[in-house]
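The structure appears below as structure tokens.
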């Protein structure tokens, strides 16, 4: 078939897929359809560098117009796909035009979850244009209320405090980032924000939001100039669902990122894939990068199962949190300098399954990279060795401190705790 390869969704995953297709030698027609006016860009800087004025769109973009032309990618900006017809391998644009495809990647991402109230001071942060609009409102003395104590809300809080704003964070749960962080890291994050002057409220229930205040169910009124809502993302799966594709909390795929429709793949925030036997989505830079590239390879006929190890990072003031792999009930902790912490998660055979680092700047990054290699190596490890800050993880990787068969594994330094 001479029809094009089409990517619906010009975000990070879609842009990475387009680049990979060309890098891997695909010379046919390649169409990238996006609902924003911009070329594909990375989203992590939106809540940090863009808000603080230290990053711009050019620095976030995967490629510029010159590179786009050089690669021969047709970029259809500010466009929507209204219908997908997988039976006839075609899709319809909002203007009524039908486009046939030989292969299709759905990288439609998502949109910010919204509150049930509308007010002129309520803003959401998902796109570059929204970040620029918010940046213009963050002035010294601005009274900012952030709804949601996840990473987006907390990164906005840190950026706003650096700009001199008065910041209050409202979290409905009992701890910060409770879905993805262990309690000890959540507690460290809470302490950091409070020390930086952020008024963090936990177990909060909203009554309503009006033009100049947030009202809580306990009767408290929080006067504010602006309300930033960061309560998660709603995946854009309506197009796939209407076309009869298998969907759950996202567009479901098999081990090769193929959807239930022939020649149709999915990647990025909208993609629901199996990890540890369970369907889940990963709303991270790392996942968008890996799946965008992987889907492109399989669109070219590589037939490669997607087996990337999950992970994410977040910058909070001068500190950083970084994870890799998955959490398990058996946790071992290792202290890091300046009050930092490295957590290891083991399976029943004492093989590393995941790790979480909390440290100043990027001090935990090297350890997390070594942990990823330990996960891949599947070496049985001594809990006492993991807990000892004087033992190099490189030595563990070489197997020098792996337990010997028949010798009891020391557990005196292990912290046994369930996943968050």
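The values are calculated or read from the model by the stated rules, or taken from the named source; none is laboratory data. Computed from a predicted structure; not experimentally measured. For neighbour counting, all protein chains shown are included, and Cβ atoms are generated from backbone atoms with ideal geometry for every residue, glycine included.
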- Task: Evaluate region 49-58: report whether one residue or more is buried (at least 23 other Cβ atoms within 10 Å of the Cβ), within 20 Å of the chain's Cα centre (by Cα), at pLDDT 95 or above and not in a helix (DSSP H, G or I).
- Result: no
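The rows are residues; the columns are (1) buried (at least 20 other Cβ atoms within 10 Å of the Cβ); (2) over 17 Å from the mean Cα position of the chain (by Cα); (3) on the phi > 0 side of the Ramachandran plot.
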| position | (1), (2), (3) |
| --- | --- |
| 312 | no, no, no |
| 319 | yes, yes, no |
| 323 | yes, no, no |
| 335 | no, yes, no |
| 346 | yes, yes, no |
| 349 | no, yes, no |
| 355 | yes, no, no |
| 364 | yes, yes, no |
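Before we move on, is residue 241 assigned by TED's automatic domain parsing to the domain that holds residue 13, surrounded by 22 or more Cβ atoms within 10 Å (Cβ to Cβ) and assigned to a helix (DSSP H, G or I)?
When the stated conditions are applied, residue 241 does not pass them.
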Residue pairs qualifying under the 9 Å Cβ cut-off, at least six apart or on distinct chains, with the first in region 322-333 being assigned by TED's automatic domain parsing to the domain that holds residue 185 and free of Cβ contacts under 8 Å to residues at least 12 places away in the same chain and the second being part of a loop (DSSP other than H, G, I, E, B) and surrounded by fewer than 23 Cβ atoms within 10 Å (Cβ to Cβ), are none
Residues of region 179-216 being under 24 Å from the mean Cα position of the chain (by Cα) and at pLDDT below 95, in sequence order, are 179, 180
Of the residues in region 254-272 that are touching a helix residue (DSSP H, G or I) at 6+ places or on another chain (Cβ under 8 Å) and in a strand (DSSP E or B), the one that is surrounded by the fewest Cβ atoms within 10 Å (Cβ to Cβ) is 258
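Could you tell me which of the residues 72, 96, 49 is closer than 28 Å to residue 233 by Cα and not assigned by TED's automatic domain parsing to the domain that holds residue 129?
One residue alone meets the criteria, 49.
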In region 119-139, anything surrounded by fewer than 18 Cβ atoms within 10 Å (Cβ to Cβ) and either within 18 Å of residue 245 (Cβ to Cβ) or out of contact with any strand residue (DSSP E or B) (no Cβ under 9 Å at 6 or more places or on another chain) (or both) is listed as 120, 129, 132, 135, 136, 139
Scanning region 157-182 residue by residue, those outside any loop (DSSP other than H, G, I, E, B) and either surrounded by 24 or more Cβ atoms within 10 Å (Cβ to Cβ) or in contact with a strand residue (DSSP E or B) (Cβ under 9 Å, 6 or more places away or on another chain) (or both) turn out to be 157, 158, 159, 160, 161, 166, 167, 168, 169, 170
By residue number, the members of region 286-308 that are buried (at least 17 other Cβ atoms within 10 Å of the Cβ) and touching a strand residue (DSSP E or B) at 6+ places or on another chain (Cβ under 7 Å) are 291, 295, 298, 299, 306
Exactly one of 132, 91 is in contact (Cβ under 8 Å) with a residue 12 or more places away in the chain, more than 12 Å from residue 47 (Cβ to Cβ) and not in a strand (DSSP E or B), and that residue is 132
Counted residues in region 273-285 being outside any loop (DSSP other than H, G, I, E, B) and touching a helix residue (DSSP H, G or I) at 6+ places or on another chain (Cβ under 7 Å) come to 1
Check your understanding: Would you call residue 399 under 16 Å from residue 313 (Cβ atoms) and at pLDDT below 95?
Key -> no
If we keep only residues of region 1-48 that are assigned to a strand (DSSP E or B) and without any contact (Cβ under 8 Å) to a residue 60 or more places away in the chain, then the residue farthest from residue 128 (Cα to Cα) is 30
Residue 84: passes all of (1) closer than 25 Å to residue 130 by Cβ; (2) assigned to a strand (DSSP E or B) but (1)
